[in-house]
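Worksheet: one structure, shown below.
The values are calculated or read from the model by the stated rules, or taken from the named source; none is laboratory data. Computed from a prediction, not measured in an experiment: that's the story for all the values here. We place every Cβ from the backbone using ideal geometry, glycine too, and count neighbours over all the protein chains shown. Heavy atoms of the whole protein, side chains included, go into the accessibility calculation; ligands, DNA and RNA do not. Shrake-Rupley method; radii C 1.70, N 1.55, O 1.52, S 1.80 Å.
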Amino acid sequence: MCTVAEVKSYFRSISEKNRSTSANYLKPNKNCNLTSWVSGCEPGWACSVGPNQQVDLQNSKEIPARTTKCQACCEGFFCPHGITCMIPCPLGSYCPLARLNETTGVCEPYLYQLPPSQPNHTCGGANIWADFSSSIEIFCSAGSYCPTTTKRIPCSNGYYLSQNKILEEGCFKLSSCNSNTATQNMHAYGIMLIAALSTLLLIIYNFSDQVLTTRERRVAESREAAARSARNTANARQRWKSAKDAAKKGASGLQAQLSRTFSHQKTSETDVELLPPHSTTSSMAVTSSAAPKEKGKEPSDLMKMMHKIENDPDIDDNFNVENREKSVTRKMPKGKQKNTHTQIFKYAYSQLEKERAQQQENKNLTFSGVIRMATNTEQRKRPLIEISFKDLTLTLKAQNKHILRCVTGKIKPGRITAVMGPSGAGKTTFLSALAGKSFGCTVTGSILINGKNEVIHSYKKIIGFVPQDDIVHGNLTVEENLWFSAQCRLSDDLSKPDKVLVVERVIEFLGLHSVRNSLVGTVEKRGISGGQRKRVNVGLEMVMEPSLLILDEPTSGLDSASSQLLLRALRREALEGVNICMVVHQPSYALFKMFDDLILLAKGGLTVYHGSVKKVEEYFAGLGINIPERINPPDYFIDILEGIAEPGRSSGVSYKELPMRWMLYNGYSVPLDMRQKMENFDVSSKGVNSANETDPDGSGHKNKSFVGELWQDVKHNVEMRGDKIRLNFSRSKDLSNRKTPGVFKQYKYFLIRVGKQRLREARVQAIDYLILLLAGACLGSLTKTSEQTFGAAGYTYTVIAVSLLCKIAALRSFSLDKLHYWRESDSGMSSLAYFLSKDTIDHFNTVIKPLVYLSMFYFLTNPRSTFADNYIVLLCLVYCVTGIAYALAMYFEPGAAQLWSVLLPVVLTLVATQQKDSEFLKVIAKLCYSKWALQAFVTANAERYHGVWLITRCGSLLKSGYNLHDWNLCVLILILIGVISRVIAFFCMVTFRKK
């Protein structure tokens, strides 16, 4: 028997042999070397120590001398080549004595030959165990079990046996196992699982949004009932008021008539003597004076109840005159919270009906009515914002070209200011400058907020900016879009019923009641009309009750009726003190008259007019420019500034002079280059260039070389990117006095919104699951499990397939919503809440997708590792690649991100599985997530190989660079890569904005 020192020497030689290409024998030792080579050194033979020599089997330092009594190795033991002792074969191996094949001269089944020139030497026992490729017969073959190392029994029907088994394993129910089979046939389970998953996917595919539809229908029924009840209450209140006014009028007339009658009788009937002298007068006095006395003292119960009906919106909706006392007692207590949908909607619609009635009364207000409306303390007051600007000039850094120049004026609260001008006049640039969104430009001049030099971003919580594009979530309904914006941007102190009231008011003002429960729609799925979508785009900013509302072409693409509806809604906002500034393109005359002020810009960003809409025609008439009959004034002004229409010949004014005329008219300072042009205009108008066609200081690209221009452009691009990054990470002082919901509340709101979006996109998710299911079935069927490599080939394909499919699916989470995120983050919503909500909802896919894939792959390949081990590794892998996909989606455009998602899994897996001949490749491989995923899969499988596999699996893992004890480390590294990639993705999201 080998001592510990001999076993260690053997295993050390095995380890070194696996690392090199040396011959198949051990290193020289004390008994087998160049000077001493006995027959026991041959394969399958062993020797004994001397008769008087004591051997300590636990000795791990010294190899004893074994050179006597050499003979064949015993059955059940193996004697390696180059060592003279026996090592017992572990359970699970089959080590019979070898037999000589006379034809080939090989000792079967161990494939070693007899040594030459030794006629007495015979075949011994086993000679090698650890090398799988050259000792396949030493294992108990598949389909058989070996209760001892010298006995092999074929398995019977109903059992299956993989290699190196010592007992039979029974097949599962519904699976089939023939005799001498190595695996059980589990196709029945696969068919059942496919049927179940297919049924589930079909249900999800066809009934995904049924839950939301049912809930929306129930809420709509509550809303309609509340609206109907509020209308009935308003009508009852109006009828009661009319009856009260009629009763008052009739009572006054009757009192006057009775007074005249009694006074006439008192003066004319002086001969009445039948009654006592004071009885008639006293009774008359009581009749005529009872009502005034009581009225002067205290109102009656009827009058009290009447005032309650008029002033209390929460009075019972089923009020009637006969049951007035009961209705008053059923009034909702003041301290009671409105929590149910019915209560909230009743409150909102009763307030709306009250506002309608108030608007109707305001049409014929007396002076006292105006005073009462102005001093109403129940209405919430918005803070006023007035923006004044002086000599506002924007110059492109790259081209040194003016896009806005010397603009002076102010926009006032409570007024609607229209910004008009031809294409290229800098209208959108002007709005961007006011909103603090002018990048890549040098800004000169001053912008004051309420007369103070404050940063506009300090007021972003009460500033609404409506972009030119309709950036609205297409997979949400109209009401859901508006409600989400109201939740995240209204004051956190505002109660839910008041927020519902704000949303209901905006829906009514914008005329969206008929489509409130309709999906907005996307390019692939038709939704509401374009005009309705435009109004929803505006409503997203109206529901947050802004003090300053900036709109970029809100009427573009709308017909006249829709435009007037939108302007009427904005007019109501202006009546509450909102400062509204909007860009419009050639509005109709009726629409033009709805504006209060006008800013007219010429090409080059020069001001032509800034003032009241009512005085614009008077101003141009003073210049000799009269509007022809039947011509829309805005169209005529734009045509003049475009150079299409010529001003009147009698005026002697060119359209290029108009900006200078405005500066001189208001006494503004005129830049030097414009003064020179003004002098030329006075002499002749020929050869005059507009201000934006030449550089004011002559420092353009004229005298620069190509390399110089390229370097200047690169420099300006870097500076612009730096400005954006600084703006994204800058924190200005909040001066809006509005406390919006914090990160956790916004996270809750985002979570609800993303959950609804995912439910409506369940069909796309079902298709992802189906593709993953087919991938698992195909790879599981085509992959042949190899005992030598512990299934590494199948796991390699798994890492590539799952990474590729999950990355492409995860790109949709952020690639398709970039515009929406940019708009929401600019309005002050939390970027962290947005990112975490998306990631949280995607965790559902992270949990489900490994189950879908393994339901096919695992049962078709039948690895030795457990289903739980494979699921944990695959779960961590999906979490890891999802984070990488987030980073790709944030940094690249959608097309490039998809290409990287396809290339990365393939390239990284190839790098991780190649032989590493240099330290550099080893370092690169350790950075590949696929290396750690594959190692976790293989080691989880290798841990289930016992007995005879102990040395074999160690040698195989060592050759691949894997460690059997690193499974936990691999899982942790996958999770760590997923976390780091998410941090990088979030940094890219808040840093790299749109160009």
Exercise for the section: Bin width 10 Å, alpha-carbon pairs only: give the P(r) of the stretch 743-991 as whole percents, running from 0 to the bin holding the largest distance. Expected result: 7, 30, 33, 19, 8, 2, 0
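Quick one, what does Rg over Rh come out to for the stretch 386-425 if you take C-alpha atoms and the Kirkwood Rh? The partial results should precede the final answer.
Details: Rg = 12.6 Å, Rh = 11.9 Å.
Rg/Rh for the stretch 386-425 comes to 1.06.
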Practice task
Starting from the residue with the highest accessible area, list W711, W932 in decreasing order, probe 1.4 Å.
Solution key: W711, W932
Handout entry: L601 long-range amide H proximity, modeled H, under 5 Å
Key = M420, G421, V608
Problem - log₁₀ of I(q)/I(0) at q = 0.13, 0.21, 0.25 Å⁻¹ - the stretch 738-804, Debye sum with one point per alpha carbon - result: -0.61, -0.88, -1.03
Practice task
For the stretch 483-545, build the charge dipole from Cβ charges (+1 Lys, Arg; -1 Asp, Glu) around the Cα centre, then report which of V543, V500, S514 sits farthest towards its positive end.
Solution key: S514
Handout entry: Average silhouette area of the stretch 771-842, convex hull of alpha-carbon atoms, in square nanometres
Key = 6.2 nm²
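What pairs from K401/K603; K461/K756; K452/K733 go past 19 Å between their alpha carbons? Write down the numbers at each step before the final one.
Details: K401/K603 12 Å; K461/K756 26 Å; K452/K733 14 Å.
From the list (K401/K603; K461/K756; K452/K733), the Cα-Cα distance tops 19 Å for K461/K756.
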Practice task
Give me the Debye-computed log₁₀ of I(q)/I(0) at q = 0.17 Å⁻¹ for the stretch 481-632, equal point scatterers on Cα only, no solvent, two decimals.
Solution key: -1.04
Completion exercise
For I580, other-chain or 5+-apart residues with amide H closer than 5 Å (H placed, Pro excluded) are G414, R415, T417, L549
Practice task
List, in the order given, every pair from K460/K745; K410/K534; K534/K739 whose Cα-Cα distance in the structure shown is over 25 Å.
Solution key: K410/K534; K534/K739
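Quick one, what does Rg over Rh come out to for the stretch 483-545 if you take C-alpha atoms and the Kirkwood Rh?
Working: Rg = 12.3 Å, Rh = 12.3 Å.
With Rg and the Kirkwood Rh in hand, the quotient comes to 1.01.
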Practice task
Given the peptides 623-630, 767-774, 735-742, 798-805, arrange them by the average over their residues of other C-beta atoms within 10 Å, most packed first.
Solution key: 798-805, 767-774, 735-742, 623-630
Practice task
Would you mind pulling out the separation of the Cα centroids of the stretch 508-575 and the stretch 82-111, in Å?
Solution key: 88 Å
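Cα-based Rg of the stretch 778-913 per 2.2 N^0.38 Å, rounded to two decimals?
Numbers: Rg = 17.2 Å, N = 136, 2.2 N^0.38 = 14.2 Å.
The reported ratio for this selection is 1.21.
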Handout entry: Ranked order, H585, H81, H513, H965 - accessible area, probe 1.4 Å, largest first
Key = H965, H513, H585, H81
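Dipole magnitude of the stretch 483-545 about its Cα centre, charges +1 at Lys/Arg Cβ and -1 at Asp/Glu Cβ only, in debye to the nearest 20?
Details: 10 positive and 8 negative charges, 80 e Å.
Dipole about the Cα centre, nearest 20: 380 debye.
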